[in-house]
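Report on the following structure.
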Amino acid sequence: MALRQRPYLLLANSKRLCEDRVSSRMRHQKKTIKLGRTADHRRALLANQVCALIQHQRIKTTLAKAKAVRPLAERMVTLGKNGSIHARRRALAVLRQKNLVKKLFDDIAQRSAERNGGYTRIVKLGARKSDSARMAFIEWVDAEHIAEEKPKKEKKAKRKEPEAKPQQITPEAEQPPREEPKAEAPAPRQEEPTAPPAEEPKPKKRRWFGRKSDNS
């Protein structure tokens with residue numbers, strides 16, 4: 001007869017078999033983009049990225065971060081479409097910013113009311129120069145016009161030259177001009193005495209500065 005096995009040995013063997021079965025299973029539907037960070041750091045990073053996306057409507061980041069942000073952002077929009085107080089508290093527990101939660105529920109969720117998913121879009125960009133990391137834009141699908149349009153600068157109106165104001169007519173100008181007395185005829189000019197003829201100039205003697213006089 002085979003010896004009976006003790007109960008604690010049976011439990012140990014069954015536990016070992018269970019562990020072997022679990023370790024041999026594949027990790028289906030358990031994808032987690034870790035981004036080289038701890039769990040707390042990753043949660044804070046993704047929450048900050050979603051807050052920036054709510055505030056600016058479009059952000060530029062690496063492709064890996066954009067793919068990690070997308071599920072959380074769409075989950076927040078789903079809570080916003082629910083609109084209940086419990087949904088607001090759940091969104092506030094993740095985002096930690098009241099003003100952005102209010103904007104999410106009042107603005108972004110209302111724009112996506114007729115959409116059943118796919119609230120965000122990822123646009124791939126080129127590689128970054130510093131480390132060749134692949135970059136991408138992530139933006140709201142229903143906020144394309146807000147993200148792409150830039151506020152136009154108002155052109156300053158050119159200063160118009162001041163128009164010449166019509167001169168006000170004074171009462172003095174309205175009066176008819178007075179008649180001035182006619183000027184008298186000029187008196188005949190008296191003939192001036194003629195001057196005597198000018199004398200002819202005498203020729204000047206030449207001085208020889210280079211020669212010495214004989215007397216010296």
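Distances between placed amide hydrogens fall under 5 Å for Arg134 paired with Leu63, Arg128, all partners being 5 or more residues away or on another chain.
Computed from phi, the 3J(HN,Hα) profile of segment 125-140 under the Karplus parametrisation 6.51, -1.76, 1.60 (θ = phi - 60°) reads 10, x, 7, 6, 5, 5, 10, 6, 6, 6, 9, 7, 9, 10, 8, 6 Hz, with x in place of Gly and Pro. When each of the peptides 97-103, 109-115 is scored by how many other beta carbons lie within 10 Å of its residues on average, the order from highest to lowest is 97-103, 109-115. With a 1.4 Å probe rolled over the protein heavy atoms of all chains, the accessible area of Ile85, Ile108 falls in the order Ile85, Ile108, largest first. The packing ranking of peptides 120-128, 59-67, highest mean first, is 59-67, 120-128, where packing means the average number of other beta carbon atoms within 10 angstrom of each residue. Taking all protein chains as they are arranged and a probe of 1.4 Å, the heavy atoms of His86 leave approximately 120 Å² accessible to solvent.
Here the Karplus curve 6.51 cos²θ - 1.76 cosθ + 1.60, taken at θ = phi - 60°, turns the phi angles of segment 68-78 into couplings of 7, 6, 4, x, 5, 5, 6, 5, 5, 5, 4 Hz, with x standing for Gly and Pro. Karplus-derived 3J(HN,Hα) values for segment 28-34, using 6.51 cos²θ - 1.76 cosθ + 1.60 with θ = phi - 60°, are 6, 6, 10, 7, 9, 7, 7 Hz; glycine and proline are entered as x.
The values are calculated or read from the model by the stated rules, or taken from the named source; none is laboratory data. If you're wondering where the values come from, they're calculated on a predicted model, not measured in any experiment. Reconstructed Cβ throughout: ideal geometry from the backbone, glycine too, with neighbour counts over all protein chains shown. Accessible surface areas use protein heavy atoms only, side chains included; no ligands, DNA or RNA. Shrake-Rupley method; radii C 1.70, N 1.55, O 1.52, S 1.80 Å.
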